[in-house]
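Remarks on the structure that follows.
The values are calculated or read from the model by the stated rules, or taken from the named source; none is laboratory data. Remember, predicted model here, so these are calculated numbers, not experimental data. When we count neighbours, we look across all protein chains shown, and the Cβ atoms used for this are built from the backbone with ideal geometry, even at glycine.
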Amino acid sequence: MSAIAAIVINDGLATPVAHTFAPAKSDSDYSLHEDRSSGIYVGFNKLTLNLTRPSGKPGAGRNLKLSIRIETPKLETLATGSSGFTPAPTVSYRPQAEITFTFPERCSLQDRKDLQAYVKNLMSHQVVTDAVGNYELPY
């Protein structure tokens with residue numbers, strides 16, 4: 001088990017900027033990390049990891065599920081009103097991505113490593129780059 005620590009991830013700018021997601025909450029099946037660089041809580045980027053373990057009787061169909069989610073809320077552009085009052089920051093929209101790994105109880109460490117490698121490499125493949133960047137699917 002990894003010790004809880006900050007996770008540093010680069011963004012997608014032409015000159016990437018490293019964002020530090022600091023530990024915020026953790027227990028045996030859940031971990032929350034926050035990029036607090038916005039300085040405004042509702043605008044913190046969040047990274048969560050959640051592990052659901054099988055329950056009930058052993059047998060076929062018992063799976064562990066690992067969900068990883070990242071969200072990057074964007075705040076409304078605030079303007080000072082005619083009264084000189086600036087409203088509290090609010091979230092305008094919230095881009096997010098979630099990936100869920102499903103691991104049958106019987107899968108091996110190598111099975112899990114292979115699946116992680118496929119996902120990692122797929123995310124940098126041109127098909128995914130076009131789908132995310134330009135909303136274009138292969139034809």
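Worth a mention:
- Of everything in region 1-18 that is of a type in the set (A, V, I, L, M, F, W, C) and assigned to a loop (DSSP other than H, G, I, E, B), the residue that is farthest from LEU51 (Cα to Cα) is ALA14.
- When region 25-68 is limited to residues that are β-branched (Val, Ile, Thr) and modelled with pLDDT of 95 or more, the one that is surrounded by the fewest Cβ atoms within 10 Å (Cβ to Cβ) turns out to be ILE68.
- Hits in region 91-134 (condition: of a type in the set (Val, Ile, Thr) and surrounded by 12 or more Cβ atoms within 10 Å (Cβ to Cβ)): VAL91, THR102, VAL119, VAL128, THR129, VAL132
- Taken over region 9-33, the criterion of being among the charged types (D, E, K, R) and under 19 Å from LEU66 (Cα atoms) is satisfied by LYS25, ASP27, ASP29.
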